[in-house]
Amino acid sequence: MRRHLLSVASVACLAAPLPVAAQEARPSVLAIDTAAAIEQIADFDGNVATGLSMDALVSIGRPGLEAIVWPVAQRFNSGQWVRDVWIATLRYERPGPVGVRLDGGLIPSPVGLANLTVRRPHLNPTISQPSSLFAALPPLELRAPRPTLLGAVYPLGTQITVSGSRWDARAALMDTSPLRRRRILSRTNPPRFATVLVGGGVTPVVGLRLGASVTRGGWLREGEGPAVTATQYATIVTIESEFAFRYTRVAGEWVRDRIETTLGRRVASGWFVHGQQTLAPRWFAAGRIERIDSPLVLQTDAVEQQLTGVEAVLGFRVTPDLTVRIGHRARRTFGRPAYDHQAAVSLVWWRRWM
Amino acid sequence: MGNGARGGPRLLAVAALVTMGVDAPVQGQETATVQGRVEIGIPITARRPTTAYPTRSVPAPALAPGSERRNVVIYLRSALPQGVAPVRASIRQRNETFTPRVLAVTVGSEVDFPNDDPFYHNVFSLSRVRSFNLGRYPRGDTRRVRFDRPGIVKVFCEIHSHMSATVMVFDHPWFAMPDESGRFVLDGVPPGDRQVTAWHERLGDTTVTLRAEAGRAVTTDFVLPVPRQ
């Protein structure tokens, strides 16, 4: 036994002294998290559709300077598969009393709140996403592409953000109209439009932020419609707010698009409010209401049409990584007289790997 | 003596270099002391903040990392439950970091979670031993959690995915956390063949068996993980 002790002690003595630095954790060069969500939606006519999304967020760098790539694969309820890269950006951050952040590349959309908070399934309080991101507005220009109120865009561009403890301001220059989505891996895309954004917000108390932004740029290129002989422009104004306290989180966004067409200026507007209430460590309830008003352009006239929707969700957190949600959604789209009802169940898995 | 044993679900590398010797007798004649030093043999990486969608504000600078040796818990394995006095401790939320990141307490202890940051955190745990959700509260406020069952409680922030902490709850008094230099002492260890475990959240468990003799101190050093031979 004593011999065994000596041999173990010898091995211990052979161990090289360890540098002090090895005793401290260092920020990881690589950061990866992944999310996967599957949802099954059934309407009251018995139609069932399954959606699937998988993504990974990969960051390489050090605090202050990182390269971020966000590849995504989605299977829509229609059965169509889409693969894309939503973000591929180089980000510089300098913290301080007046912090500075600079993004360049394929950047996260600088416009609006929905683009900021719900695009990943584990961050979205409900199962579906706001209609303003995807629902095409009624035709504004005869036989021309239909815009969205404020699309889920991932523009090529650059954005600078400065902020203090109670305020933030940003400016961005990008190649994509927020009304028309571009996908970098798509074979067909809308034209590029130089688009400028300025925005900012105040945080009067912790947990409450009020923000606004103005975006200006083209949305329709000459030749995209039989009557379109010059680039048409749009101005998008957003007002957004987030409030959170204790177990309650509420966020809302109002958008107003002033859209130029060959028949004159049209205005589309919309808003949504969604919230989440933690009921117990594992249980939460969430919901969203939304509305979009947009004109339907006829030969010489236009009539207002509305989209309205409401969604209610009950969620259960099986583990910190896994969440099950069930929900009900009622939506009345543009020109429809009645609501469509859907029941949905969703399983969301998210994991931070390093 | 000196046998390495494996344990723990997140084991990355298990074994230990153990030096054992007999030091000067300690005061208590009925019990033994186990003491030693912990060293981390490989660079440990910490999660850093990153997100596709940053908040509209630029975040504050990160807290400078402390000694990783302080995130190791040394404890007597398979000890029978004992009557232990509860303690009061705290895990602060500062610069998007739980400080300390690892805490060891006795059953019945209460842990405060004060928020030192000028923004919200949402501390929660879904561990079987203790699940809770403290909600959001501003700087200067605190919430308290009582831990009534032994085991490991993983703590997270719902808002900041890179934040995590661990509370280890013991129903016996034989556990210790090393100081900045890695030194630890387990007092009052019952004599006999004992298994002593060094736990680290990334490096897993490293367990050694030693003989604790009444009135004596046994020295056992841990290098985590054990270097390849």
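Every number here is computed from the coordinates shown, using simple stated rules; none is lab data. Since the model is a prediction, treat every value here as computed from it, not as a measurement. Methodologically, a virtual Cβ is constructed for each residue, glycine included, from the backbone with ideal geometry; neighbour enumeration extends over all protein chains shown.
Rg and Dmax of the stretch B:103-229, both derived from C-alpha coordinates alone, stand at 17.6, 52 Å. For chain A, modelled as a Gaussian network with Cα springs under 10 Å, which listed residue fluctuates most, A:T50, A:T161, A:T319? The residue with the greatest mean-square fluctuation here is A:T319. Give me the inter-chain shielding for B:30-37: mean count of other chain Cβ atoms within 10 Å, whole number please. Counting other chains' Cβ atoms within 10 Å and averaging over B:30-37 gives 0.
The convex hull of the Cα atoms of the stretch B:82-173, projected and averaged over all directions, covers 5.1 nm². Using alpha carbons only, the radius of gyration of the protein assembly as shown set against its Kirkwood radius gives Rg/Rh = 1.07. Count Lys and Arg as plus one, Asp and Glu as minus one, and take only other residues whose Cβ is under 14 Å from that of A:V205; the net charge is then +3.
Distance from the Cα centroid of the stretch A:110-152 to that of the stretch A:51-71 is 22 Å (rounded to whole angstrom). When only alpha carbons are used to place a centre, the stretch A:237-285 and the stretch A:295-354 end up 13 Å from one another. For the segment B:38-49, counting C-beta atoms of other chains within 10 Å of every residue's C-beta and taking the mean gives 6. Extending 7 Å from Cα along the Cβ direction at A:R26 and again at A:A212 yields two label points whose distance is 4.8 nm. Given a Förster radius of 45 Å and the C-beta distance between A:L322 and B:R211 as r, what FRET efficiency does 1/(1 + (r/R0)^6) yield to the nearest 0.05? Rounded to the nearest 0.05, the efficiency is 0.50.
Each pair of Cα atoms in the stretch A:28-352 enters the Kirkwood radius, and Stokes-Einstein at 20 °C and 1.002 mPa s then converts it into a translational diffusion coefficient of 103 µm²/s.
Which whole-angstrom value gives the distance between the alpha carbon centres of the stretch A:157-197 and the stretch B:128-173? Cα centroid to Cα centroid, the span is 39 Å. By the gyration tensor of its Cα atoms, with a ≥ b ≥ c the square roots of the eigenvalues, what is the shape of the stretch A:207-281: rounded for a/c under 1.5, prolate for a/b over b/c, or oblate? Verdict is prolate for the stretch A:207-281. For the stretch A:123-178, taking the reciprocal of the average inverse distance between every pair of different Cα atoms yields a Kirkwood hydrodynamic radius of 14.2 Å. Peptide B:128-138 is shielded by partner chain Cβ atoms: per residue, an average of 4 of them sit within 10 Å of its Cβ. Using the average count of surrounding beta-carbon atoms within 10 Å as a protection proxy, the listed peptides B:75-88, B:133-146 rank, highest first, as B:133-146, B:75-88.
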